[in-house]
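Below: one structure, written as C-alpha cells.
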Amino acid sequence: AVNNHEFTSSNAEVRKKDIMTVLHWMRILPDLGSNILRILPGDLKALNKNEKGTYPFAKASLAECVNEAEKKGIYLAVENCPRETDPKVVLKLITDLNSPYLKICADIGNILGNIRYRAFEELLPYAIHVHLKTYEFNSKGEEINIDYQRVMKMLKSAKYDRYVCVEY
C-alpha cells in the first residue's frame, strides 16, 4: 500500500515526488509476488471539497502511474480513503482514465454513512480488492455501524470472487 496523498497538490514538484513513490513500489511489487498495488487518489477530502481545483492534478498524476502500470502488467487499486468521504471522484477517475489496469480498492468503512451502501455498490464493478472496516462492536461481537450481512450479499450479487481484507 502506498500512501500518496499529494496527487491533489497544486505544487508540481510535490506531485512528482508522490508519482515517483508509486513508480518505485511498482518496481518492487513483482519481487513481493504481487501484481496489485493499493494507492490513493491523492487527498480525497480535498477532491470532495474542491473537485474543480484538484481533479486535474489527481487525474494527470494517476494517468502517469497508469501508463507505467500498463507496461508492467500491474493493477493499481485506488482506495476510497479516508473515512467519511464520498467516493464519487474515485469512480470518475477510474471511468475517465479507462484502463484495464486501473481498478478500485473499495472500502465500505470510509464511505459517508448516508450514502454508504449505494456508493459501495457503485464501486464494486471496478473492485479488484475490498476492505471491510470495523469500528465498534456490540456484546455479541458484531459490528454496529455497518451491516455486514448486507455487505456480503452485495459482494455476492456483484460476483466479487476475490479476497477481502478485514480492518480493525
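The values are calculated or read from the model by the stated rules, or taken from the named source; none is laboratory data. Note that the coordinates shown come from a computational prediction; the quantities given were computed from them, not determined experimentally. Note that we place each Cβ from the backbone using ideal geometry, even for glycine, and neighbour counts take in every protein chain shown. SASA here: full protein model, heavy atoms, side chains in, ligands and nucleic acids out. Shrake-Rupley method; radii C 1.70, N 1.55, O 1.52, S 1.80 Å.
So the values come out like this:
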read-out: Of the criteria (1) over 19 Å from ALA46 (Cα atoms); (2) touching a helix residue (DSSP H, G or I) at 6+ places or on another chain (Cβ under 8 Å); (3) polar (S, T, N, Q), which one THR85 fails; value: (1)
read-out: Of all residues in the stretch 118-149 being open to solvent by less than 20 Å² (accessible area, probe 1.4 Å) and part of a helix (DSSP H, G or I), the one that is nearest to LYS92 (Cα to Cα); value: LEU123
read-out: Filtered residues of the stretch 150-167 (kept if among the hydrophobic types (A, V, I, L, M, F, W, C) and open to solvent by less than 100 Å² (accessible area, probe 1.4 Å)); value: VAL151, MET152, MET154, LEU155, ALA158, VAL164, CYS165
read-out: Matching residues in the stretch 39-51 - criterion: being in a loop (DSSP other than H, G, I, E, B), open to solvent by 50 Å² or more (accessible area, probe 1.4 Å) and under 15 Å from VAL90 (Cβ atoms); value: ASP43
read-out: For ILE115: the one exception among (1) open to solvent by less than 20 Å² (accessible area, probe 1.4 Å); (2) aliphatic (A, V, I, L, M); (3) out of contact with any Leu (no Cβ under 9 Å at 6 or more places or on another chain); value: (1)
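For every residue, the table says whether it meets (1) outside any strand (DSSP E or B); (2) among the aliphatic types (A, V, I, L, M); (3) open to solvent by less than 10 Å² (accessible area, probe 1.4 Å).
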site	(1), (2), (3)
LEU37	no, yes, yes
SER61	yes, no, yes
ARG83	yes, no, no
LEU93	yes, yes, yes
CYS105	no, no, yes
